[in-house]
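One structure is given here, and the rest of the page talks about it.
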């Protein structure tokens, strides 16, 4: 058996059971288990691990941050390569590039580090999300609406291939792997050991407006939102959120917007809602700290809970969408469940790089059903199934980061991108060392 610097367990070894599920965020965990786990200490371990898997007839699964709702990293008859120790960070002030490991958490690790250099990268909203899965799935980060997908800002990456070789990938080196890495998520045919990301100057001010409406006004507010969203500039991150405030038994609909250096004028359109006078609470163009936004996200995405999640990029008229969406914002199955309707209008007007990520519209719906005990699972599953059935007729596809194809398959790439992706998988991983998706997307 290969000798590793890092820790290695096989089924039956002391510590194996804990190693299979460590750092998996969703406590609604599947029964799937790997044949062995390698907690790699460095790149040489990863290379040796891929070669060992080939010798043993195993496939290879990877865990970066462990935040995927469907627990992508838990696969049968695999070597699970756990990248927990790959959290290094190094910033080069000459070119604004930060090199970072895939297990570094965006909000808790990378952002504070970059703040010390007065730089910013659009990490995931939940601060505990690891960069590996986040970037490979495209990266729907802070102000994706205006700045684009986080994967667009990958300069290059180091990848261990299916042959166990280390290669550099960029627009000019191993460009096929670089194309596939930006959006194929767990379907990618390699292990990313380091990303090099283009950072931006850190924002000078954050300004927030928030309007809390009673659930019974959801039809009027959502109908207005579907039009008013087009009036906000790209500096504004905008979402309609259905949730139940702490201490309340009744859901509310919140129109929430954060402006990155746009000031109060960038948020003025939010005051045009015809029922704004009936809002339960308002916060109009007030300064907010990024640390406060992170803390809010941590409270909204609690650890040690059981999650069900799904999503869809939507098309359709207000007359079609509002009746389909209202129940998902006004009748929530648990107190911690929340739903989001995000706007991507500016994103649709810009030229996106050619990459595997190729399905999106200007409207994104996602539901995060959060339970505390297994006794709630059936109710949570049923509620989410119903919510997605109502919006399914208007779905153009989905975002991998909030998907579970074992329950509801949907489209993740354009037809042309999917064909290209399959050719790359065949050429780069002819033996199928990397298992691909759990369930099959609709392509």
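The ellipsoid equivalent to the alpha-carbon distribution of the stretch 206-277 has semi-axes of 22, 14, 9 angstrom, derived from the gyration tensor eigenvalues as √(5λ) and listed largest first.
Listed from fewest to most Cβ neighbours within 10 Å, the set 135, 332, 108 follows the order 108, 332, 135.
With a 10 Å Cβ neighbour count serving as the proxy for reagent exposure, in which order, fewest first, do 47, 413 appear? Could you put the intermediate results ahead of the total?
Values: 47 19, 413 23.
The fewest-first ordering by Cβ neighbours comes to 47, 413.
How high is the FRET efficiency from residue 167 to residue 205, r the C-beta distance, R0 51 Å, rounded to 0.05?
0.75
Compute the Cα gyration tensor for the stretch 206-402, then decide on rounded, prolate or oblate, letting a ≥ b ≥ c be the square roots of its eigenvalues: rounded whenever a/c is under 1.5, prolate when a/b is larger than b/c in the other cases, and oblate in all that remain. Note, shape of the stretch 206-402 comes out rounded.
Report the antiparallel proportion of the DSSP beta bridges in the chain as a percent, rounded to a multiple of 5.
Details: 67 of 76 bridges.
Here the antiparallel bridges make up roughly 90 percent for the chain.
Packing around the peptides 187-200, 260-273, 11-24, taken as the average count of other Cβ atoms within 10 Å per residue, puts them in this order, highest first: 187-200, 260-273, 11-24.
What number, in percent, do you get for the relative contact order of the stretch 7-82 if the mean sequence gap of Cα pairs under 8 Å and at least 6 apart is divided by its residue count? Walk me through the intermediate numbers first.
Details: 124 pairs, mean separation 30.2, N = 76.
So the answer I get is 40 percent.
Label the stretch 392-443 by shape, choosing from rounded, prolate and oblate, from the square roots a ≥ b ≥ c of the eigenvalues of the Cα gyration tensor; if a/c is under 1.5 it is rounded, and otherwise prolate applies when a/b is larger than b/c, oblate when it is not.
Details: a/c = 3.06, a/b = 1.63, b/c = 1.88.
Judged from the Cα gyration tensor, the stretch 392-443 comes out oblate (a/c at least 1.5, b/c at or above a/b).
Give the angle, between 0 and 90 degrees and rounded to the nearest 10, that separates the Cα long axis of helix 218-228 from the longest principal axis of the Cα atoms of the chain. Rounded to the nearest ten degrees, it is 80.
The peptide list 59-71, 344-356, put in order of mean Cβ contacts within 10 Å with the highest first, becomes 59-71, 344-356. Antiparallel beta bridges, as assigned by DSSP with both residues in the stretch 7-82, represent about 30 percent of the total such bridges. Relative to the dominant Cα principal axis of the chain, helix 377-391 is inclined by about 70°. Here the stretch 55-130 carries DSSP beta bridges of which approximately 50% are antiparallel, counting only pairs with both residues inside.
Would you mind calculating the relative contact order of the chain from Cα pairs under 8 angstrom and at least 6 residues apart, reporting the percent as a whole number?
Values: 1006 pairs, mean separation 70.2, N = 443.
Computed over the chain, the figure is 16 percent.
Our note on the geometry: Cα centres of the stretch 374-411 and the stretch 267-330, 19 Å apart.
Run the numbers on the stretch 171-253 and let me know its relative contact order in percent, using alpha-carbon pairs under 8 Å that are six or more apart. Working shown, then result.
On the way: 33 pairs, mean separation 19.8, N = 83.
Relative contact order for the stretch 171-253 comes out at 24 percent.
Between 0 and 90 degrees, the angle of helix 43-56 with respect to the longest Cα principal axis of the chain falls at about 70 degrees. Taking the number of Cβ atoms within 10 Å of each Cβ as an exposure proxy, the fewest-first ranking of 373, 128 is 373, 128.
Bear in mind that the values in this text are calculations on the coordinates, not laboratory data. Because the structure is predicted, anything quoted here is derived from the model rather than measured. As a convention, Cβ positions derive from the backbone with ideal geometry for all residues, glycine included, and neighbour counts pool all protein chains shown.
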